[in-house]
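Engineer: What follows is a structure written as structure tokens; I'll ask about it next.
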Amino acid sequence: MPRKRAAGYDNQRETIIEQAAALFARNGFAGTSMNEVALACGLSKASLYHYYTDKHQLLMTICEGHIDRLCALVDEVAQQDLPPEPRLRLLIQRFVEEYRDAQNEHRVLTEDVRFLAPDDQESILAGERKVVKAVADAMCAVRPELDRSRMAKPLAMLLFGMINWMFMWLKPDGELTHERMAVVVSDLLFGGIGAVGLDGVPRKKR
């Protein structure tokens, strides 16, 4: 008969993942030990191994969880059945919001996925492909000829280039908010620099 999990088991797993993501983001995967993760969680090393067998399992859980949330975001937006431009704007807004709330996980995914086994890397890459395809498809809905020219994916990658590294310079307590920058990214995508609203509100089309 399987042993019952103790009360709070899932909450403790979440705490471990949060602390590990923060340590990996700050010190790098290679520069973080399981002992440091255990100390950050207030656990003994033996207790930590009760939840996760090694650092690689921790890393996979962090990366997989982040990708799963991005894929869920894509599905939620798709279910709203919006017209093309509002759909793409909402995708951008939701991505920026997700990165704001998961900066450690995003940095770990960006910098440390190379430490995973090849099969695990491929699993994460499959999720990333789904997310990029969703944005490329949304762009094609706005401008159908992008599909024929094979420019949809490159433009989607350029879009992610604008928002993926926002955590490097956009401070949570700064004058610019993530909500405002999501609007700026959309404006820049749809109309170029001349379309960016300087007061946080999209400029009206002429």
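Engineer: Which condition number in (1) assigned to a helix (DSSP H, G or I); (2) more than 20 Å from Arg13 (Cα to Cα); (3) free of Cβ contacts under 8 Å to residues at least 12 places away in the same chain is the one that Ala141 fails?
Structural biologist: Answer for Ala141: the failing condition is (3).
Engineer: Testing Arg100 on (1) modelled with pLDDT under 95; (2) not in a helix (DSSP H, G or I), one condition comes back false. Which one is that?
Structural biologist: Just one mismatch for Arg100, condition (2).
Engineer: Kindly indicate whether Ala182 is within 23 Å of Leu109 (Cβ to Cβ), modelled with pLDDT of 90 or more and in the same structural domain as Gln93 (by TED's automatic domain parsing).
Structural biologist: Details: within 23 Å of Leu109 (Cβ to Cβ): yes; modelled with pLDDT of 90 or more: yes; in the same structural domain as Gln93 (by TED's automatic domain parsing): no.
No; evaluated as a whole, the condition is false for this residue.
Engineer: While we're on this one: Filter region 103-122 down to the residues that are in a helix (DSSP H, G or I) and either touching a residue at least 60 places away in the same chain (Cβ under 8 Å) or outside the structural domain of Gly161 (by TED's automatic domain parsing) (or both) and list them by number.
Structural biologist: Filtering region 103-122 for residues in a helix (DSSP H, G or I) gives 103-115, 118-122.
Answer for region 103-122, where residues must be in a helix (DSSP H, G or I) and either touching a residue at least 60 places away in the same chain (Cβ under 8 Å) or outside the structural domain of Gly161 (by TED's automatic domain parsing) (or both): Gln103, Asn104, Glu105, His106, Arg107, Val108, Glu111, Asp112, Phe115, Asp120.
Engineer: Also, quick follow-up: In region 93-148, which residue that is under 20 Å from Gly28 (Cβ atoms) and hydrophobic (A, V, I, L, M, F, W, C) is farthest from the chain's Cα centre (by Cα)?
Structural biologist: Residues of region 93-148 under 20 Å from Gly28 (Cβ atoms): 99, 102-117, 120-121, 124.
With hydrophobic (A, V, I, L, M, F, W, C) added as a condition, the list becomes 102, 108-109, 113, 115-117, 124.
On the way: Ala102: 7, Val108: 10, Leu109: 8, Val113: 13, Phe115: 18, Leu116: 18, Ala117: 21, Ile124: 12 Å.
Here the answer is Ala117.
Engineer: Determine which member of the set Leu91, Leu70, Leu59 is over 27 Å from Asp10 (Cβ atoms), surrounded by 19 or more Cβ atoms within 10 Å (Cβ to Cβ) and not charged (D, E, K, R).
Structural biologist: Every option except Leu91 fails the conditions.
Engineer: Considering every residue within region 159-168, establish whether at least one is without any contact (Cβ under 8 Å) to a residue 24 or more places away in the chain, touching a helix residue (DSSP H, G or I) at 6+ places or on another chain (Cβ under 8 Å), surrounded by 16 or more Cβ atoms within 10 Å (Cβ to Cβ) and more than 25 Å from Glu14 (Cα to Cα).
Structural biologist: Within region 159-168, the first condition is being without any contact (Cβ under 8 Å) to a residue 24 or more places away in the chain, and the residues that meet it are 161, 165, 168.
With the extra rule that they be touching a helix residue (DSSP H, G or I) at 6+ places or on another chain (Cβ under 8 Å), the set shrinks to none.
Within region 159-168 (the criterion being without any contact (Cβ under 8 Å) to a residue 24 or more places away in the chain, touching a helix residue (DSSP H, G or I) at 6+ places or on another chain (Cβ under 8 Å), surrounded by 16 or more Cβ atoms within 10 Å (Cβ to Cβ) and more than 25 Å from Glu14 (Cα to Cα)), the answer is no, since none of the residues qualifies.
Engineer: So, one more: Just to be sure before I move on: is Ala78 among the small types (Gly, Ala, Ser), closer than 19 Å to Arg129 by Cβ, surrounded by fewer than 18 Cβ atoms within 10 Å (Cβ to Cβ) and in contact with a Lys or Arg (Cβ under 9 Å, 6 or more places away or on another chain) in the structure I sent?
Structural biologist: Yes; evaluated as a whole, the condition is true for this residue.
Engineer: Taking the options Glu64, Glu36, Glu98, Glu85, name whichever one is surrounded by 12 or more Cβ atoms within 10 Å (Cβ to Cβ), without any contact (Cβ under 8 Å) to a residue 24 or more places away in the chain and of a type outside the set (Gly, Ala, Ser). Spell out the reasoning first.
Structural biologist: On the way: Glu64 fails: without any contact (Cβ under 8 Å) to a residue 24 or more places away in the chain; Glu98 fails: without any contact (Cβ under 8 Å) to a residue 24 or more places away in the chain; Glu85 fails: without any contact (Cβ under 8 Å) to a residue 24 or more places away in the chain.
Every option except Glu36 fails the conditions.
Engineer: Can you tell me which condition Thr32 does not meet? The list is (1) part of a helix (DSSP H, G or I); (2) touching a Phe, Trp or Tyr at 6+ places or on another chain (Cβ under 7 Å); (3) over 18 Å from Glu128 (Cβ atoms), and all the others hold.
Structural biologist: Against the list (1) part of a helix (DSSP H, G or I); (2) touching a Phe, Trp or Tyr at 6+ places or on another chain (Cβ under 7 Å); (3) over 18 Å from Glu128 (Cβ atoms), Thr32 comes up short only on (1).
Engineer: What tally of residues in region 112-126 results from selecting those that are touching a helix residue (DSSP H, G or I) at 6+ places or on another chain (Cβ under 8 Å) and of a type in the set (D, E, K, R)? It would help to see each step written out before you state the result.
Structural biologist: Initially, region 112-126 is screened for residues touching a helix residue (DSSP H, G or I) at 6+ places or on another chain (Cβ under 8 Å), giving 112-117, 120-121, 123-124.
Then keep just the ones that are of a type in the set (D, E, K, R); that gives 112, 114, 120.
Selection size over region 112-126: 3.
Engineer: Of the residues that make up region 160-171, is at least one among the β-branched types (Val, Ile, Thr), over 26 Å from Asn104 (Cα atoms), part of a helix (DSSP H, G or I) and assigned by TED's automatic domain parsing to the domain that holds Leu73?
Structural biologist: Keep residues of region 160-171 that are among the β-branched types (Val, Ile, Thr), which gives 163.
Right, trim to over 26 Å from Asn104 (Cα atoms) and you get none.
Scanning region 160-171 turns up no residue that is among the β-branched types (Val, Ile, Thr), over 26 Å from Asn104 (Cα atoms), part of a helix (DSSP H, G or I) and assigned by TED's automatic domain parsing to the domain that holds Leu73.
The values are calculated or read from the model by the stated rules, or taken from the named source; none is laboratory data. All figures in this text were calculated on a predicted structure; none of them were measured in a lab. Cβ atoms come from the backbone with ideal geometry, glycine included; neighbour counts cover every protein chain shown.
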